[in-house]
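The block underneath contains the structure these notes are about, expressed in structure tokens.
The values are calculated or read from the model by the stated rules, or taken from the named source; none is laboratory data. Fair warning: this is a prediction, and the values are worked out from it, not measured in the lab. Every residue, glycine among them, receives a Cβ derived from its backbone with ideal geometry; neighbour counts consider all protein chains shown. Side chains are part of the model used for accessible areas, which takes the heavy atoms of the whole protein and leaves out ligands, DNA and RNA. Shrake-Rupley method; radii C 1.70, N 1.55, O 1.52, S 1.80 Å.
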2 protein chains.
Amino acid sequence: MPFTPPVTEQRFVLDTVVRLPDLAAVDRFAAASPDVVDAVLEGAGQFAAGEWAPLARVGDTVGAKWTPEGVVMPAGYAQAYRDYVEGGWGTIGAPEQWGGQGLPFALQTAVLETLGGANMGFALCPTLTVGAIEALQHHGSAEQQAAYLPKLSTGEWTGTMNLTEPQAGSDVGALRATATPRDDGTWSIKGTKIYISFGDHDMAPNIVHLVLARTPGAPAGTRGISLFLVPKYRLDADGQPGAFNDVRVVSIEHKMGLHASPTCVLSFGDEDDCVGELIGPEFGGIRAMFTMMNNARLNVGLQGVQVAEGATQAAVAYALERVQSARAGAASRDSVRIVEHPDVRRMLLRMKAQTQAARALVYYAAGQVDRAGLGDADARDRLEITTPLAKAHGTDLGNEVASLGIQVHGGMGYVEETGAAQFFRDARITPIYEGTNGIQAADLVGRKLGLSGGAAFASLLADIRAEAEHPTLRALVDACEAVGAHLAAAGHDDRLAGSYPFLMMLSVATCGWLMERQGRLATGDEAFAAMKRAAVAFYLDQIVPEALGLRAAATASAEVLYAVPAEAFAA
Amino acid sequence: MPFTPPVTEQRFVLDTVVRLPDLAAVDRFAAASPDVVDAVLEGAGQFAAGEWAPLARVGDTVGAKWTPEGVVMPAGYAQAYRDYVEGGWGTIGAPEQWGGQGLPFALQTAVLETLGGANMGFALCPTLTVGAIEALQHHGSAEQQAAYLPKLSTGEWTGTMNLTEPQAGSDVGALRATATPRDDGTWSIKGTKIYISFGDHDMAPNIVHLVLARTPGAPAGTRGISLFLVPKYRLDADGQPGAFNDVRVVSIEHKMGLHASPTCVLSFGDEDDCVGELIGPEFGGIRAMFTMMNNARLNVGLQGVQVAEGATQAAVAYALERVQSARAGAASRDSVRIVEHPDVRRMLLRMKAQTQAARALVYYAAGQVDRAGLGDADARDRLEITTPLAKAHGTDLGNEVASLGIQVHGGMGYVEETGAAQFFRDARITPIYEGTNGIQAADLVGRKLGLSGGAAFASLLADIRAEAEHPTLRALVDACEAVGAHLAAAGHDDRLAGSYPFLMMLSVATCGWLMERQGRLATGDEAFAAMKRAAVAFYLDQIVPEALGLRAAATASAEVLYAVPAEAFAA
């Protein structure tokens, strides 16, 4: 499926939502000049459209395959990955000290959007590497950083996150993998991890697994978890991949979508010969995990943008081509392209608006990563409160848009060869992994609503209010404030019962704010500005009111949920 | 995946929503005594759970296969189909004159729900046969009826609907298949039809294709279409399948789901030897098609119920078993079954409530089929206005519930072996076929809103108002009235631009009415009644308010949709 990188839109969102020029005014990000930003966006777009998009379909139809020797990627992937590394596309946001370009995370986000818009399953591989880089950068020793970060920063080696075990999914504290001290200060790792994306593949000479495990006598739950660095191949004296480190890929999952991404069951230490190094202090695992996970959550929200952009492009192309029926009320009885029919046009404009809203939300949060990295405490709070919104709402929108994309295609949308179905299948994992969207909602009401004594929430609302003009958007902000106050004072059950609708309301309010701003600032390129204003008007006039309809659910008591015993649900 | 027929619920809905006892008081339906209804529901449930449900997975994983000799169903299907015929499950609603049981369509609907709840793809086959029966019953000659209805009524032969061609999807008037008169009064059929569900298979000795085609000199568009009866095998002198009738299955589609249902490309008359009989008058095709299609639309809405019921059962079973994390705020720090977590419980109650709402809506419309059949003109109007709601909203809910079902399963939901993904994939065709949901919305605002001078719409609202007590539900009815008046007076573009949100509002108002009534009447079986009341309360308190949030979109001008030229959507 052809893919057109949305460069003008990305540039505009980086300017108006992220306010990248303000960031570039700081020494740390001085390299992010307008010329560089343009070159990166254009270059990434050309690369992704030219080399990764053509592999999206074979990624789905053939997919990654398990063999006794390890996972084999579909034809073309290994070469396309090497070209990615050689093109330097992995180094955008990586630290300069380790060979990266040190550009803003927000710009890296745009590049990752482009890669994933071209081929979502493939782009998950670099996404995870970024998580490993973050963890090592913040928690690794100088030796670990020197040994691993140069190779991870370029993407020459890839990274994984190993959290989940069969009995430990959302409840990561229930994990049982063990790390036993060895004489030389390293640790012997043993256990089985599941759902490890790109846990094995044939595109890189080494894979760096970051593994959560328990040390002997560790306290129960999340407090007793430590993080270990476990390469697939141990490094030899020259720092090159050497002896096999007893990490086996047992199987890969047979998933509904995202077939290009091998979802592995990994077994560590079957032969008692798996060696790991502790990252950070013992029992510091959960903290290090959140370092990886927070940005990973944004990147999963970004997958919602990726799939929404791809699905929208495909649906628009089809609607501009498919001729069917005369337009109702038109003088001519000639059949027209379906894009001319009002309800099809409504679906397409909704897809455009929701895609832009998701992008604004995720890029906005990504900009806070950069600002927080500069030491801005308010930005840290803002990042904390917008992360669950970006992850959950971004992925929800990806799913909504992918579904609309099938609908625009009609019967053709249900036929696999068309490609609309792949977006729909690929998207469905995103509300689940990196913390289900329900977990995001729990995080919002449980941790973020009360963050900094409630100031994180209050200041977000204040910023929206300071700028919002649309009366419905202002009404939604008022509603969010009232619901937030209600939930903050509520008991656990009521708070969680209302958490998801509240997350949706606050997400739409935030998107509405950022969309309205874009509509106000859209000038210059008149074709782009007109489309933007239409999407913004649709968002404010038609989507924002929907969110007001969620207020009742957000403030409903949990009582109705527990009115009958659990078993009664099965009757 | 095990399937538990929801017999108590079905019986309750037939009693309270369909008011089946009132129907049974009429001679025509005297056979539908409480004992018979119970026996039918129980028997169908046992049969479907025992014989069809176990085949659902192989239907998905193996699926129907094309071979040069025709379509081959997966192992077990042919036998299970014969058992269905022998058990008499196809004859429930078929006319007594032709060997059917002549029971109410609403009861047949319940049986079909059960069959499809057990195995949705499989149940599509009898669904289409019912359409063929309806068409022949209302438009066939006495000879045609005598020759075909006995075999179709038992299900010994199956039926198909042949409308779509590559260039004629939603715009059926664009079809090009031809019928040329032969000397003996029959017609020579020629053309290619696509998307023909169960267009070929190996479960029955004959397949009766109902084919729309153009006769020589026919006017353009839908006015020039005629309906033909085209058996796969011509009947010999004894009325048995004889010579092959030159109907070839060219290929079957590679679909995202519903793999048990072969979606065929059929080629008629490749050898100029395909003989058809005209059904009804020449150019009467579109009228006959609507006879088939109207009930087919209800039956597709019913597929939404089927998939919602199956997905809910699977999610509840998983949530009752999967243990993960302690409950927030609970004294015990022990992990609990996820059904105990408020947000999981919210998803499950939403699934229950939406499934019940979809069932109420579709069964209600089915009851109007029976009443209209008794000559009740008001019921005919009510059927007309509720058909697009049942089709579109029923299928939308099926999709929503299937998606929630995946979410409840977490990562397991994305792994195919779990089965949650199959519901999600199977469901996605239902908003598309038998008239896309956008077409349903256009039908609602274009034809049904003004039906009988607006009386059909007004009387639906009046009936809801006469019974509705919940203030939000009453507010929604007021909103529907205002929006309906607005759309009735609007131009084509505005009316169509608001059609879909309006359809959703009116659907929820109708469901809310029928749900509230059930909550009021739920007594007796206390466990059942308590679950029903919880689902109803959730529906009225949390789902009905969401629909109020659609008012702005339903009354928005189409202007924003056309603010930019179509090509700008691709920029």
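Quick one: A:Gly453 ticks every box in (1) in contact (Cβ under 8 Å) with a residue 12 or more places away in the chain; (2) at positive phi bar one, so which box is it?
That leaves (1) as the condition not met.
Go through A:Arg474, A:Arg425, A:Arg447, A:Arg465 for me and flag whichever is more than 29 Å from A:Glu340 (Cβ to Cβ), open to solvent by 30 Å² or more (accessible area, probe 1.4 Å) and within 25 Å of the chain's Cα centre (by Cα).
Being more than 29 Å from A:Glu340 (Cβ to Cβ), open to solvent by 30 Å² or more (accessible area, probe 1.4 Å) and within 25 Å of the chain's Cα centre (by Cα) holds for just one of A:Arg474, A:Arg425, A:Arg447, A:Arg465, which is A:Arg447.
Out of the strands (runs of 3 or more DSSP E) lying entirely within segment B:126-225, which hold 1 or more residues that are at positive phi and open to solvent by less than 30 Å² (accessible area, probe 1.4 Å)?
Of the strands (runs of 3 or more DSSP E) lying wholly inside segment B:126-225, those with at least 1 residues that are at positive phi and open to solvent by less than 30 Å² (accessible area, probe 1.4 Å) span B:187-197.
Taking segment B:232-266 only, how many residues are under 22 Å from B:Thr178 (Cβ atoms), surrounded by fewer than 18 Cβ atoms within 10 Å (Cβ to Cβ) and either in the same structural domain as B:Val72 (by TED's automatic domain parsing) or in contact with a Lys or Arg (Cβ under 9 Å, 6 or more places away or on another chain) (or both)?
Looking only at that region, the number is 2.
Output the number of residues of segment B:552-562 satisfying the condition of being under 33 Å from the mean Cα position of the chain (by Cα) and more than 7 Å from chain A (Cβ to nearest Cβ).
Final tally of qualifying residues: 3.
Of the residues that make up segment B:64-74, is at least one among the acidic types (Asp, Glu), open to solvent by 10 Å² or more (accessible area, probe 1.4 Å) and touching a residue at least 40 places away in the same chain (Cβ under 8 Å)?
no
Looking at (1) open to solvent by 10 Å² or more (accessible area, probe 1.4 Å); (2) closer than 29 Å to A:Pro34 by Cβ; (3) under 21 Å from the mean Cα position of the chain (by Cα); (4) at pLDDT 95 or above, find the lone condition where A:Gly50 falls short.
Of the numbered conditions (1) open to solvent by 10 Å² or more (accessible area, probe 1.4 Å); (2) closer than 29 Å to A:Pro34 by Cβ; (3) under 21 Å from the mean Cα position of the chain (by Cα); (4) at pLDDT 95 or above, the odd one out for A:Gly50 is (3).
Suppose the filter is in contact with a Pro (Cβ under 7 Å, 6 or more places away or on another chain), closer than 30 Å to A:Asp60 by Cβ and within 14 Å of another protein chain (Cβ to nearest Cβ); does B:Ile252 pass it?
Taking the combined requirement at face value, the residue satisfies it.
Taking the options A:Arg345, A:Arg333, name whichever one is of a type in the set (D, E, K, R) and at the interface with chain B (Cβ under 7 Å from one of its Cβ atoms).
A:Arg345
Against the conditions (1) more than 7 Å from every other protein chain (Cβ to nearest Cβ); (2) open to solvent by less than 20 Å² (accessible area, probe 1.4 Å); (3) closer than 26 Å to B:Ala56 by Cα; (4) not small (Gly, Ala, Ser), where does B:Thr387 fall short? Just the number, please.
Result: B:Thr387 fails condition (3) only.
Looking at A:Gly269, A:Gly257, can you tell me which residue is away from every other protein chain (no Cβ under 14 Å) and small (Gly, Ala, Ser)?
From the options A:Gly269, A:Gly257, the qualifying one is A:Gly269.
How many of the residues in segment A:501-526 are at the interface with chain B (Cβ under 10 Å from one of its Cβ atoms), over 21 Å from the mean Cα position of the chain (by Cα) and modelled with pLDDT of 95 or more?
Adding up the residues that qualify gives 0.
So which residues in segment B:487-514 are of a type in the set (A, V, I, L, M, F, W, C), open to solvent by 10 Å² or more (accessible area, probe 1.4 Å) and in contact with a Gly (Cβ under 7 Å, 6 or more places away or on another chain), if there are any at all?
Of everything in segment B:487-514, just one residue is of a type in the set (A, V, I, L, M, F, W, C), open to solvent by 10 Å² or more (accessible area, probe 1.4 Å) and in contact with a Gly (Cβ under 7 Å, 6 or more places away or on another chain), namely B:Ala488.
Checking A:Ile406 against (1) more than 24 Å from A:Ala509 (Cα to Cα); (2) hydrophobic (A, V, I, L, M, F, W, C); (3) touching a His at 6+ places or on another chain (Cβ under 9 Å), which single condition isn't satisfied?
(3)
Among the residues of segment A:450-462, write down those that are open to solvent by 40 Å² or more (accessible area, probe 1.4 Å) and either in contact with a strand residue (DSSP E or B) (Cβ under 8 Å, 6 or more places away or on another chain) or assigned to a helix (DSSP H, G or I) (or both).
A:Leu451, A:Ser452, A:Gly453, A:Ala455, A:Ala458, A:Ser459, A:Ala462
Being part of a helix (DSSP H, G or I), under 23 Å from A:Leu404 (Cα atoms) and modelled with pLDDT of 95 or more is the requirement here; does A:Ala379 meet it?
no
Restricting attention to segment B:313-328, and to residues there that are aliphatic (A, V, I, L, M) and open to solvent by less than 30 Å² (accessible area, probe 1.4 Å), which single residue is nearest to the other protein chains (Cβ to nearest Cβ)?
B:Val316
Give segment B:156-186 a look and list any residue that's at the interface with chain A (Cβ under 8 Å from one of its Cβ atoms) and under 19 Å from B:Val249 (Cβ atoms), or say none.
B:Thr164
Go through (1) without any contact (Cβ under 8 Å) to a residue 40 or more places away in the chain; (2) facing chain A (nearest Cβ under 7 Å) and name the single condition B:Pro565 misses.
It fails just one condition, (2).
Go through the residues of segment B:346-359 one by one and say whether even a single one is surrounded by 24 or more Cβ atoms within 10 Å (Cβ to Cβ), free of Cβ contacts under 8 Å to residues at least 12 places away in the same chain and either of a type in the set (D, E, K, R) or within 30 Å of A:Pro262 (Cβ to Cβ) (or both).
Checking segment B:346-359: at least one residue is surrounded by 24 or more Cβ atoms within 10 Å (Cβ to Cβ), free of Cβ contacts under 8 Å to residues at least 12 places away in the same chain and either of a type in the set (D, E, K, R) or within 30 Å of A:Pro262 (Cβ to Cβ) (or both).
Restricting to segment B:86-125, name every residue that is of a type in the set (Gly, Ala, Ser) and either part of a loop (DSSP other than H, G, I, E, B) or within 28 Å of B:Glu143 (Cβ to Cβ) (or both).
Matches in segment B:86-125: B:Gly87, B:Gly88, B:Gly90, B:Gly93, B:Ala94, B:Gly99, B:Gly100, B:Gly102.
Tell me yes or no: at least one residue of segment B:293-304 is open to solvent by less than 10 Å² (accessible area, probe 1.4 Å) and farther than 22 Å from B:Asp443 by Cβ.
No: zero hits.
Being assigned to a helix (DSSP H, G or I), farther than 26 Å from B:Asp525 by Cα, open to solvent by 30 Å² or more (accessible area, probe 1.4 Å) and of a type in the set (A, V, I, L, M) is true for just one of B:Val36, B:Val58. Which residue is that?
Within the list B:Val36, B:Val58, the selection yields B:Val58.
When you go through (1) buried (at least 17 other Cβ atoms within 10 Å of the Cβ); (2) more than 7 Å from chain B (Cβ to nearest Cβ) one by one for A:Leu548, which number turns out not to apply?
(2)
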